[in-house]
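These notes are about the structure you will find just below.
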Amino acid sequence: MSRAQRVRKRGSGAGSHAWAFYLVPVVLATFAYFLLPEVPQAILYILVGVSAVVATLVGARWQPAGRELPLYLFAGGLLMTVVGDIIYAVYEDVLLVEGPFPSIADVFYVANYPFYAAALVLLVRRRTPGRDWDGITDAAIITTGAAVLSWVFLMKPYAEDLTLPLLERLISLS
């Protein structure tokens, strides 16, 4: 049986509802997270992140040939975030020190952005090949509004705080 036939076969029946078998335990884990003490919380948080990477990779394998790259890129972005979370948890829960800022964890947190951006670009390009000026205009309006709100409420205070070293300001802005 070819890969395309396996994908078509998985697309029907029980395989099409596989997301529910992932969603239910993750929702339960989210509720359990708030009931746990600090160290088990950190472990559960990392396990949920790892499960998201695995679920995304499984989803990518279920895609028809040539359509899996965006999901692999999303998995790469998730993996960068999980690695950052692990490093941060080691500082806080193993070494029992406040994580420095900036730290190596921040390198991984910032490294996830190119993965997500590339995945989104690929998804949009596949949906609408060529130039979709109406879609570009709509996206630009929404992005501009979100960017203004982000700048005013999240980024501007860091940009104007001259007591922070330049590297800290840049990472905070990112």
Complete set of residues in the stretch 60-71 that are modelled with pLDDT under 90 and closer than 21 Å to Val24 by Cα: Trp62
Please return the ranges of helices (runs of 4 or more DSSP H) entirely within the stretch 59-174 where 2 or more residues are of a type in the set (Asp, Glu) and exposed (fewer than 12 other Cβ atoms within 10 Å of the Cβ). 133-150
Exactly one of these conditions fails for Thr137: (1) hydroxyl-bearing (Ser, Thr, Tyr); (2) more than 30 Å from Pro165 (Cβ to Cβ); (3) touching a residue at least 12 places away in the same chain (Cβ under 8 Å). Give me its number. (3)
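Quick grid of which residues meet (1) in contact with an Asp or Glu (Cβ under 8 Å, 6 or more places away or on another chain); (2) closer than 16 Å to Phe101 by Cα; (3) small (Gly, Ala, Ser):
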residue: Arg125; (1), (2), (3): no, no, no
residue: Gly130; (1), (2), (3): no, no, yes
residue: Trp133; (1), (2), (3): no, no, no
residue: Ala139; (1), (2), (3): no, no, yes
residue: Val148; (1), (2), (3): no, no, no
residue: Pro157; (1), (2), (3): no, no, no
residue: Thr163; (1), (2), (3): no, yes, no
residue: Glu168; (1), (2), (3): no, yes, no
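The values are calculated or read from the model by the stated rules, or taken from the named source; none is laboratory data. The model shown is predicted, which means the values in this text are computed figures rather than measured ones. So basically every Cβ, Gly included, is an ideal-geometry build from the backbone, and we count neighbours across all protein chains shown.
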